[in-house]
Each structure stands twice: as structure tokens, then as C-alpha cells.
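Peer 1: Provided herewith is a single structure, encoded as C-alpha cells, for subsequent inquiry.
Read the figures in this text as sums done on the coordinates, not as results from a lab. Nothing here was measured: the structure is a model prediction, and the numbers come from that model. No Cβ is skipped: glycine too gets one built from the backbone with ideal geometry, and neighbour counts run over all protein chains shown.
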Amino acid sequence: AKLDGRRCVRIFEPEMDVEMRSRVLLERDLRQAVAQDVVVPHYQPLVDLRTGALVGFEMLARWPHPTRGMVPPDVFIPLAEDLGLIGALTEGLMRQACREATSWPHALTLACNLSPVQLCDPGLPGAIRAVLNETGLLPSRLELEVTESALVGDLALARASLGQLKVLGVRLAIDDFGTGYSSLRHLQSLPFDKIKIDRGFVAGMADNIDSGKIVSAVVGLGRSLGLVTVAEGIETETIAGLLRDLGCDIGQGWLFGRPVSADQIVTILSEEPVE
Ligand code: C2E
Ligand code: CA
Ligand code: CA
Ligand code: CA
């Protein structure tokens, strides 16, 4: 409460008040946007580092806001989690993305991000099965990315979810690898198919010897565990070359393409070689 008068404590500074009001408005807008499916999938290319062929796309959510412009996922995903909207938001986005992916060449995969809280939702596997059935996307073409932070909460629940997702026939990737903790145990005991090496390590490879060593170790680890390795955040040909030499399988980053809308994908598909 904000009271006037010299002797009263001002709990909110004026700018904080503005911030709070802005958050309340953003929350209201997000509820509406989720209900009306306003948040849309964009897609970023995934490329075979050895051959340069396009192998799939990662879906990255974008919120076109009438007055704020394109709101980035780093802003609205945490908000959706707080508001309990993440399940509905993800389901809407995945339905749209899976439908779009059915019109891509069949060799191409679709990667979607799951929020850590979703792994604790017992309804998740059923919801994803329903999306696959509805859209007709072959389950093996769908890849679900989860971060290590999804595994620090209720590990038993996360394990059960991942197991059920695996039974559906979808692929599982551990995202932002190296930024969380106890990752090695998770790699060994959970049914992951892929490791995505965090952008921070990849970007550092050009001028930081330690980053290079870490990436090299992770690629080696992935290979010896029989996992596909993916490097994200590749911005230069130099880094792509280093990763190729290390034997990293798949690359993603501005060098190969930024996230683009479904319409622009059609253009990309008419130009890119697909294996
Ligand atoms: P992420 O899953 O690690 O996705 C990769 C992020 O790196 C994306 O940011 C992508 O645009 C950016 N990126 C890709 N290549 C490059 C590059 O070469 N250089 C640089 N500087 N950046 C690059 P974006 O789209 O802003 O997404 C941020 C995060 O938001 C994602 O990180 C993911 O954790 C989350 N997110 C996005 N869409 C969804 C969604 O539908 N559901 C959930 N739960 N999370 C999502
Ligand atoms: Ca991701
Ligand atoms: Ca990532
Ligand atoms: Ca990230």
C-alpha cells in the first residue's frame, strides 16, 4: 500500500509501481493470448555438421503482442509457468507445430521444448499422445527437449514421465547440457537420445581453450554413451569447423539460420538440400 504523508513508509517506489502494473497487464494479455492461440511457433534449422544437410527444426515460441512487439520466450515462458498456463500454451504450440511438420519432407524432425514443471504433470504423456494422434505426425519425428533443471525436483516423477514419453516413440534430448548439475547420473539413468551442448560453451570455443575442452569432453561422452550430440549457438564457420573436427553430429545457430515463421520455412525447404 502506498500512503502519502511524510511520516509514512513508502513501500513501493514509483518505478516499482509501474513495473508491477506492467506485469499485471502482461499477465492479463498472456492469459488471453494463450486462450486465443496467439503465441506462434517459429522454427530454427538443425543441420548435419558433416554433410551440411538440413535434418530438422527446433520450434521456438514467439508472442506477437499488439503494443509490445515480439515478446521473447525468456519473458513469457516463466510467466506462463507462474500462472499455470504452460501446459495449455505448450499443447497449443505443439499441435500447431506437429501439424506443420507433417507437410515437411519426412526425414525432417521437429524439436519442441518442455518446461521443467511439465515433467511433474502426470497428464503430459497423454496430452502429447493426443497431439500426435490428432496431427498424424510420426512419433519418431518428434523430439522433446528438457533441461537438467527438470530433473532436480521430483526425479521419480520426471523419470516416470520420460519413460512414458519414450514408450510413445518420441525422442528425448537433454537441453543446455552442462549448465545444470548432477548431469552425468541423469545421462546414465534416463532414456535420453541426444545431448544439446549449451550455447555458452559453443560460443566460447573460438577464444577460450577451456570451453573447447569442455565441448570436446561432452562430445566424447555423448559418443561413448551412444547419444547424438547437438551444438547450439553456432555463429561462425570457424566454430562449425571445430565442432565438425570433434565429431559433433548436429549444429544449430545463426550461421545456418535464425528462427523464422512457418511461411518462411516453405522458402527454406525449397532451397535447402535435405538428406
Ligand atoms: P533454448 O531451448 O536453449 O533455445 C535456443 C535459444 O538460442 C533460442 O532463443 C534461439 O533463438 C537462440 N539461438 C539460436 N542460435 C543462436 C545463435 O547462433 N546465437 C545466439 N546468440 N542465439 C541463438 P529464444 O528463441 O529466445 O528462446 C529462449 C529460450 O526460451 C529457449 O532456449 C527455451 O528454453 C525457451 N523456449 C522457447 N520456446 C519455448 C517453448 O515453446 N516452450 C518452452 N517451455 N520453452 C521455450
Ligand atoms: Ca531447446
Ligand atoms: Ca538450449
Ligand atoms: Ca537456453
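Peer 1: What ranking, highest mean first, results for peptides 194-204, 224-234, 161-171 when packing means the other Cβ atoms within 10 Å averaged over each residue?
Peer 2: In decreasing order of mean packing, 194-204, 224-234, 161-171 become 194-204, 224-234, 161-171.
Peer 1: Rounded to whole Å and sorted largest first, list the principal axis extents of the Cα atoms in segment 174-259.
Peer 2: Reported extents, whole Å, longest axis first: 35, 28, 22.
Peer 1: Could I ask something else about it? Evaluate E = 1/(1 + (r/R0)^6) for Glu27 and Met70, where r is the Cβ-Cβ distance and R0 equals 22 Å; express this FRET efficiency to the nearest 0.05.
Peer 2: It comes to 0.75.
Peer 1: When you count, for each residue, the other Cβ atoms within 10 Å and take the mean per peptide, how do 30-39, 261-270, 90-99 rank with the highest first?
Peer 2: Ranking the peptides 30-39, 261-270, 90-99 by packing returns 90-99, 30-39, 261-270.
Peer 1: Here is a further query. If I model a spin label as a point 7 Å beyond the Cα along the Cα-Cβ vector, how far apart are those points for Leu83 and Val167 in nm?
Peer 2: Modelled inter-label distance: 3.4 nm.
Peer 1: Seen from all sides and averaged, what is the projected area of the convex hull of the Cα atoms in the chain, in nm²?
Peer 2: 17.7
Peer 1: Also, I was wondering about something else. Separation between the Glu19 and Ser103 pseudo-spin-labels, each 7 Å from Cα along Cα→Cβ, expressed in nm?
Peer 2: 4.3
Peer 1: With angles folded into 0 to 90 degrees, how steeply does helix 86-101 sit against the dominant principal axis of the chain? Use alpha carbons for both and round to 10.
Peer 2: The two axes meet at around 40 degrees.
Peer 1: Same structure again: On a 0 to 90 degree scale, rounded to 10, what angle separates helix 124-135 from the longest Cα axis of the chain?
Peer 2: 70
Peer 1: Oh, and also: Angle between the Cα long axis of helix 14-35 and the longest principal axis of the chain, 0 to 90 degrees, nearest 10?
Peer 2: The angle comes out near 60 degrees.
Peer 1: Starting from the Cα-Cα distance between Gln188 and Glu237, subtract it from 0.36 nm times their residue separation and give me the gain in nm to one decimal.
Peer 2: Length gained between Gln188 and Glu237: 14.4 nm.
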